[in-house]
Amino acid sequence: MRMSREELVSAYLESLEESQRQQEQIDRLTEDFNQMKAMLFSSKSEKKKADEVDGQISMEFNEAEAAAPKDEVEEQITIKEHTRSVKKAGKKEADLSKLPREVVTHSIPEEKLKEIFPNGWKQLPDEIYTNVEYIPAKFIAKEHHIEVYCSKNDDRIVRADHPKELLDGSIVTPSLLAGIMNNKYVNALPLYRMEQEFERNDIPITRQNMAGWIIKCTERYLSLLYDRMKVELLGHSVVHADETPLLVSKDGRSAGSKSYMWVYRSNVLDDRPIVVYEYQKTRKTDHPKEFLKGFEGFLVTDGYEVYHKLARERSGEIKVAGCWVHLKRKYTDAIKAMGKAGSDTVAGTLSGQAIEKIQKIFHKDNELNILDSESRLKRRKEEIKPLVDAFFKWVKEHRGDVTRKSACGRAFTYTVEQEHYLRAFLEDGDVPMDNNAAERAIRPFCIGKKNWVMSDTVHGAESSAVVYSITETAKANDLKPLEYLNHLLSEIPKHMDDTDSSFIGDLLPWSDKIPEECRKLKT
């Protein structure tokens, strides 16, 4: 049976539409494949640097050879047809100026000098060079003898004063526990590796011992400082927030259930930076809602809907500011999804043009960092708001030029949906354009969990949140985490019988009562 002309046209159009749908599906699958390939094999840095990722040298097999000369080269000079590096004079002495110094004199005995110079000699200025000795950790078993006295007339007994121990009947001391915490939470060294190192030094300390000490001393002592830090954080007008998954093997749920470590950080512009971690079993709105009780101001986050829901519930108290770095990442992913062909023609793609516009906004805003909040806000409205307006207008004009389900289309959709939050930084001079502060704060935890994989118990995860909070806040305030932890574990037990917690104020990282040995020397 022959088809009519109209039926033929209709069948052709249906075939064409089906072909277009199939092609779009192929394009999406190709983009997904390219993105997965980029995630697995390409550089994770958004900066185009060959040998540096997020400020750290990539871990190559020849890392020592790749890294060795770079920290000392200050300038280059050209001699005829080649260029060679020249070290800046005095750089070594400046680098070592913070270390304790021991002078070692090398002399020639007078009898030997008479043999060498029979007609006499005179001494010239010394030749001086400096090097560094490494003294490995030293362990000492301290045996405490407490003298005991009794009265001759009655049964009264008096014991000599002695330090209050962290845990009765335990060998743990503030310095030992501070070292363990520093290794685990600052240097990302798992407890089983520390156990092996202790064994090599003939010290029978198991990972179970260490885990128990951390949990008990965190709950008993360090949690007091943690609670005060949270109160201080909620008094700030700008707070960053982020979260990352982790596994807790014994949390009462089925194996493989995801838990989350949330992190909250004060604004990078604040004089007293604070980082607070919080462990929770889920990623629900209830957790930031409970944590942020009493907080009023701007919450800087990525595009996670939980934060937006919280802002709607507490309208007038909390405003969410979006992250432009997160937005830029969407367009970077779109370019990666195009494969090699897209990366070779970045400037000609819509994603490439979007990145250029975002970078221009960042560049202009970075120029305002030296200004105070009021001046920065004024300049933002004058110079940056027109760029932001033009960017969103451009996105809406070109949104129809790409399919909605493509990587670039999804980036455009995200931009339009997040516009309200991305514009928030134009309302307050203290609000940054990005959430990098929170991402940097949570990175040590992410590095650590790659080594220890999971937490064993909920108590362990909660203790980790407390210690990470203290060590990251210490680092942000230019303190040495090891010495600071030792100070806290030495001082807090002295106040356990106090009727109030006012002593905690003297232990906060920015307190002028913190000993100098806890502070990093500034050049």
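The values are calculated or read from the model by the stated rules, or taken from the named source; none is laboratory data. Predicted model, so just to flag it, every value in this text is computed and none were measured. For neighbour counting, all protein chains shown are included, and Cβ atoms are generated from backbone atoms with ideal geometry for every residue, glycine included.
Numerical summary
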{"quantity": "Test result for residue 99, under 30 Å from the mean Cα position of the chain (by Cα), aliphatic (A, V, I, L, M) and at pLDDT 90 or above", "calculated": "no"}
{"quantity": "Near pairs, Cβ below 9 angstrom, 6+ apart or cross-chain, from the stretch 218-235 (surrounded by fewer than 20 Cβ atoms within 10 Å (Cβ to Cβ) and among the β-branched types (Val, Ile, Thr)) to any residue that is at pLDDT below 95 and not in a helix (DSSP H, G or I)", "calculated": "231/294"}
{"quantity": "Among residues of the stretch 479-506, those that are under 23 Å from residue 271 (Cβ atoms) and basic (Lys, Arg), counted", "calculated": "1"}
{"quantity": "Identity of the residue in the stretch 247-271, in a strand (DSSP E or B) and among the charged types (D, E, K, R), that ends up farthest from residue 282 (Cα to Cα)", "calculated": "265"}
{"quantity": "Pick from the stretch 94-114, criterion among the acidic types (Asp, Glu) and loosely packed, with under 10 Cβ neighbours inside 10 Å, ranking: nearest to residue 517 (Cα to Cα)", "calculated": "102"}
{"quantity": "Test result for residue 189, at pLDDT 90 or above, part of a loop (DSSP other than H, G, I, E, B) and within 27 Å of residue 442 (Cα to Cα)", "calculated": "yes"}
{"quantity": "Options 404, 399, 379: the member that is of a type outside the set (Phe, Trp, Tyr), more than 30 Å from residue 261 (Cα to Cα) and not in a helix (DSSP H, G or I)", "calculated": "404"}
{"quantity": "Residues that are under 29 Å from the mean Cα position of the chain (by Cα) and closer than 27 Å to residue 271 by Cβ, drawn from the stretch 375-421", "calculated": "376, 377, 380, 384, 421"}
{"quantity": "Of all residues in the stretch 511-523 being at pLDDT 90 or above and loosely packed, with under 15 Cβ neighbours inside 10 Å, the one that is nearest to residue 96 (Cα to Cα)", "calculated": "517"}
{"quantity": "Complete set of residues in the stretch 202-255 that are in contact with a strand residue (DSSP E or B) (Cβ under 6 Å, 6 or more places away or on another chain), farther than 19 Å from residue 506 by Cβ and of a type in the set (Lys, Arg)", "calculated": "250"}
{"quantity": "Condition broken by residue 495, with the remaining ones in (1) buried (at least 17 other Cβ atoms within 10 Å of the Cβ); (2) touching a residue at least 24 places away in the same chain (Cβ under 8 Å) satisfied", "calculated": "(2)"}
{"quantity": "Residue tally, condition under 24 Å from residue 369 (Cα atoms) and among the small types (Gly, Ala, Ser), over the stretch 407-427", "calculated": "1"}
{"quantity": "Residue that is nearest to residue 248 (Cα to Cα) [pool: residues in the stretch 278-327 that are acidic (Asp, Glu) and in a loop (DSSP other than H, G, I, E, B)]", "calculated": "302"}
{"quantity": "Every pair of residues 6+ apart whose Cβ atoms lie under 7 Å, when the first sits in the stretch 359-373 and is part of a loop (DSSP other than H, G, I, E, B) while the second is of a type outside the set (S, T, N, Q)", "calculated": "368/376; 368/379; 368/380; 371/379"}
